[in-house]
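Let me begin by presenting the structure, written as structure tokens, before commenting on it.
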Amino acid sequence: MTRMVQCVKLGEIAEGLDAPPFPGEKGRRIFEHVSKKAWKQWVGLQTMLINEHHLTPYEPKARRFLEAEREKFFFGEGAAAPEGFTPPGPHPDQV
């Protein structure tokens, strides 16, 4: 049976994660309150943040930054794309 959660990001009941994304209280909080769909959105934003800010995720400063952005994304005012970021346009083959 699929585990459902009241997703804090989407504001709806949706399929929950299969397991906490990492150990500890923060992982448990995400497991209990974030849906798979919202987690996938975060992973996409996190990837963009890593690329745009040229982060090395294993460095403590980068980890603290990403953790703060994740907290804002799920439980705060929401994380935003990096300043000046413009999503790529359609691929030339699709024009």
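The values are calculated or read from the model by the stated rules, or taken from the named source; none is laboratory data. Note that the structure is predicted; figures quoted are calculated from it, not measured. In this analysis, Cβ positions are derived from the backbone assuming ideal geometry, glycine residues included, and neighbour counts consider all displayed protein chains.
Values computed for the structure shown
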quantity	calculated
Qualifying positions in the stretch 20-38 - aromatic (Phe, Trp, Tyr) and within 19 Å of Arg64 (Cα to Cα)	Phe22
Residue that is surrounded by the most Cβ atoms within 10 Å (Cβ to Cβ), among those in the stretch 5-26 that are in a loop (DSSP other than H, G, I, E, B) and free of Cβ contacts under 8 Å to residues at least 12 places away in the same chain	Pro20
Check on Glu52, of a type in the set (Asp, Glu), more than 12 Å from Phe74 (Cα to Cα) and in contact (Cβ under 8 Å) with a residue 24 or more places away in the chain	yes
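Residues are listed down the side, and each one gets a yes or a no for (1) assigned to a loop (DSSP other than H, G, I, E, B); (2) at pLDDT 95 or above; (3) exposed (fewer than 10 other Cβ atoms within 10 Å of the Cβ); (4) under 13 Å from the mean Cα position of the chain (by Cα):
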{"site": "Arg28", "(1), (2), (3), (4)": "no, yes, no, no"}
{"site": "Lys37", "(1), (2), (3), (4)": "no, yes, no, yes"}
{"site": "Met48", "(1), (2), (3), (4)": "no, no, no, yes"}
{"site": "Pro57", "(1), (2), (3), (4)": "yes, no, no, no"}
{"site": "Ala62", "(1), (2), (3), (4)": "no, yes, no, no"}
{"site": "Glu83", "(1), (2), (3), (4)": "yes, no, yes, no"}
{"site": "Pro87", "(1), (2), (3), (4)": "yes, no, yes, no"}
{"site": "Pro90", "(1), (2), (3), (4)": "yes, no, yes, no"}
